[in-house]
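The values are calculated or read from the model by the stated rules, or taken from the named source; none is laboratory data. Please read these numbers as outputs of a predicted model, since none were measured by experiment. Neighbour counts are summed over all protein chains in view; Cβ atoms, including those assigned to glycine, are modelled from backbone coordinates with ideal geometry. These area figures cover heavy atoms from the full protein model, side chains too; ligands, DNA and RNA do not enter into them. Shrake-Rupley method; radii C 1.70, N 1.55, O 1.52, S 1.80 Å.
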Amino acid sequence: MNRRKSPPEQRDPPTGRLVLVEYYLTGDQALVFFVTAEGAEPALVSLPVDTGELAALVVRLALALDRVAEDPAALEQATAVLGHPVLVSLVAPVLDRVRPGDRICLVPHGPLHRVPLHAVPCRGVRLADAHPVVYTPSAAVLRYCQANRRGARSTALVVADPPGTEPLTFGMVHAAALTGRFDADRMQGPEASRAALLRRLGGPAPDAVTAGAGHRPPPGILHVGAHGVFDPEEPMASGVELADGRLTATDILGLRLTGTLVVLAACRTGVSDTRPGDELLGLIRALLHAGAPAVLVSLWKVDELSTAMLLDEFYRGLGDGSPAVVALHRAQSWLRRRTVADVLAYVGQARDSAGAAHPAAARLALAEARIRLVAQDFVGAASTARAALTLAGTARDRRRVESVLHRARFLAGADVRVPVDLSRRLYDNFFFWAPFVLVGDWD
């Protein structure tokens, strides 16, 4: 275990109000309720919305987001759908009623659980531009989550890079971000198993006698860096793939996570199935039921590099004592400002830290080559791709590298004279900074 001093006890004092915004969809209307501490009763806005059209939009958005890695045109499609007038109309009343410094708690309904409402553009701005945003399944769940607060977070448990699945390129970066700022235990590689995690976090809370016999309280942060799976046929079978099989939502119901902020650094961990009564089935429900006051989860297949940078900055904020929603908001704003030069420096540090023997070394080099292509540094991209090819250990990695290498060589050989642009912002599109949402309590 790495021993570090605990995060400072002081917290960023809340500024402004907490504004609870709850949506309810009928057949042809969206009812938006606004609740603040100063209001004697909720304010209500009624909007004409065809819920069938809304559901179709959400499906189009989800499909486009999941194709981005294979089809760059899908990014433009997803961006267009997110700016659709129907979605804009649902966000406009919120922007009209919030004040500078307010924190926003969104309670989606039906298909809106799949929409990053904080990233919907409206009149040139987004909710996340100026406001920390947290989501919750209901006001009752929010009260339950607040009851599970446990004070300042000083410990962490990192579960990362289980064998048997394709290694996450930046798994070791996530682990380093935590172990450098908190008292952290690692379960990595073969130790990142379902059985070990169930032993570590399962069972009743330790009493004074058993606490001295090796039983430990739940960690302040549980970070799981593994591949996520959503099972639409059996949502409670959704989960994350660990060394000895899938840790499912059903498994998580039996864990002891009171006071633990859970971060699932995987794809689509925030996707749930909605049943009558707007009951959510999936990982979020299971984690909150197990006592986690909040969970950080993703709504779509994420980009690994931007995710690593986002989480690194998020953990920096937590380590400095910021509430989780503030740390996330600041990390999102920070990521949107990162330039090509910033990202190249980040990848270079990750490559140096990992070394050539690391299983992800080829993909780290490939990530750098792709960024150099975006910056129109075709010679540099070809050189980095050649290095990646010597490190590639699987046929799949070699195919990826060869594709980038052929393109870089062609452009470099074509004597295309364009200036290398290191000042371009890489991650200002919502696809990169908005996939992770905090669900539950904001602290």
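Name the residue that is surrounded by the most Cβ atoms within 10 Å (Cβ to Cβ), counting only residues in the stretch 369-410 that are over 19 Å from Glu70 (Cβ atoms) and β-branched (Val, Ile, Thr). Selected residue: Thr384.
Give the residue, chosen from Arg143, Arg153, Arg99, that is part of a helix (DSSP H, G or I) and of a type in the set (Lys, Arg). Can you show your working first?
Numbers: Arg153 fails: part of a helix (DSSP H, G or I); Arg99 fails: part of a helix (DSSP H, G or I).
Among Arg143, Arg153, Arg99, only Arg143 is part of a helix (DSSP H, G or I) and of a type in the set (Lys, Arg).
The selection criterion, being charged (D, E, K, R) and within 27 Å of Asp28 (Cβ to Cβ), does not hold for Arg103. Apart from one condition, Leu310 fits all of (1) among the hydrophobic types (A, V, I, L, M, F, W, C); (2) closer than 22 Å to Arg67 by Cβ; (3) surrounded by 24 or more Cβ atoms within 10 Å (Cβ to Cβ); (4) at pLDDT below 90; the exception is (4). When the residues of the stretch 413-429 are filtered to those that are touching a residue at least 60 places away in the same chain (Cβ under 8 Å) and part of a loop (DSSP other than H, G, I, E, B), the one that is most open to solvent (accessible area, probe 1.4 Å) is Arg424.
Sort out which residues of the stretch 94-107 are open to solvent by 10 Å² or more (accessible area, probe 1.4 Å), out of contact with any Cys (no Cβ under 8 Å at 6 or more places or on another chain) and not basic (Lys, Arg), and write them in order of number.
Selection gives Asp96, Val98, Pro100, Gly101.
Screening Phe432, Phe410 for residues that are over 17 Å from Ala367 (Cα atoms) and in a helix (DSSP H, G or I) leaves exactly one candidate, Phe410.
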